[in-house]
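The values are calculated or read from the model by the stated rules, or taken from the named source; none is laboratory data. In this text the structure is predicted, and so the values were computed from the model without any measurement. Using ideal geometry, Cβ is built from the backbone for each residue, glycine included, and neighbour counts are taken over all protein chains shown. Surface accessibility is based on the protein's heavy atoms, side chains included, excluding ligands, DNA and RNA. Shrake-Rupley method; radii C 1.70, N 1.55, O 1.52, S 1.80 Å.
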Amino acid sequence: INDTVVDVGAAEGNFSLSVVEKARAIYLFETDEEWIEALEATFAPWKEKVHIINKFVSDVNNDKNITLDLFFADKGGFDFIKIDVDGAERPLLKGYEKLLSSTTPLKIALCTYHQQNDEQEFTEFLIKKGFN
C-alpha cells in the first residue's frame, strides 16, 4: 500500500497494527495516558515510521488540542484516515476543512454511531467536499 495513515482515537492501536507493515508512515493520535505507554511498547519495532501524538484532534490549537490542518501543514498530508473520537467528530472535521478540500485522493473511515444523526450529517458533509 505504502500509504501515510492517520489513526485518530487510536486506543490500543488495533487498526494501525493491522496495517503497519504496509504503511509508509502512521500517525496515532491518542490522549489516554494508559494507552500511550501501551502504544509505545506495541509500536517500538516500527518507531521509525509510527508517530504517537498525545493531543486531541479538534478545531483549535493549544497545548492539548491540534487541528489536522495545522499538524499536517508541513508534512504533505496523508492517504487514509480512521476517525473514532467518541462523539467529537464534528470539531475534528471543522479543523480539517483545508485538507478535506484539497485535490489529493483520500480515503476516510469515520465512525457514525456516537450520535443519532452522525451518519446522515457526515455523509452530507463529505458529499459536499466531493467524496463518494
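Each row is one residue, and each column tells you yes or no for (1) of a type in the set (A, V, I, L, M, F, W, C); (2) at positive phi; (3) more than 15 Å from the chain's Cα centre (by Cα).
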| site | (1), (2), (3) |
| --- | --- |
| 2 | no, yes, yes |
| 10 | yes, no, no |
| 18 | no, no, yes |
| 23 | yes, no, no |
| 30 | no, no, no |
| 36 | yes, no, yes |
| 45 | no, no, yes |
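Among the listed residues 39, 28, which satisfies the condition of being touching a Gly at 6+ places or on another chain (Cβ under 8 Å), touching a residue at least 12 places away in the same chain (Cβ under 8 Å) and within 15 Å of residue 80 (Cα to Cα)? Residue meeting the stated conditions: 28. Please enumerate the residues belonging to segment 118-132 that are among the hydrophobic types (A, V, I, L, M, F, W, C), farther than 12 Å from residue 106 by Cβ and open to solvent by less than 60 Å² (accessible area, probe 1.4 Å). Passing the criteria: 122, 125. For segment 75-103, the candidate set comprises residues that are among the aromatic types (Phe, Trp, Tyr) and within 18 Å of residue 24 (Cα to Cα); within that set, the residue that is most open to solvent (accessible area, probe 1.4 Å) is 80. Scanning segment 2-14 for residues that are closer than 19 Å to residue 110 by Cβ and either assigned to a loop (DSSP other than H, G, I, E, B) or not polar (S, T, N, Q) (or both) returns 3, 5, 6, 7, 8, 9, 10, 11, 13. I'd like to check something: does segment 68-89 contain any residue that is at pLDDT 90 or above, touching a Leu at 6+ places or on another chain (Cβ under 6 Å) and either farther than 21 Å from residue 126 by Cα or among the acidic types (Asp, Glu) (or both)? Checking segment 68-89: not a single residue is at pLDDT 90 or above, touching a Leu at 6+ places or on another chain (Cβ under 6 Å) and either farther than 21 Å from residue 126 by Cα or among the acidic types (Asp, Glu) (or both).
Can you find, within segment 47-74, the residue that is farthest from the chain's Cα centre (by Cα) among those that are surrounded by 13 or more Cβ atoms within 10 Å (Cβ to Cβ) and among the charged types (D, E, K, R)? Result: 49.
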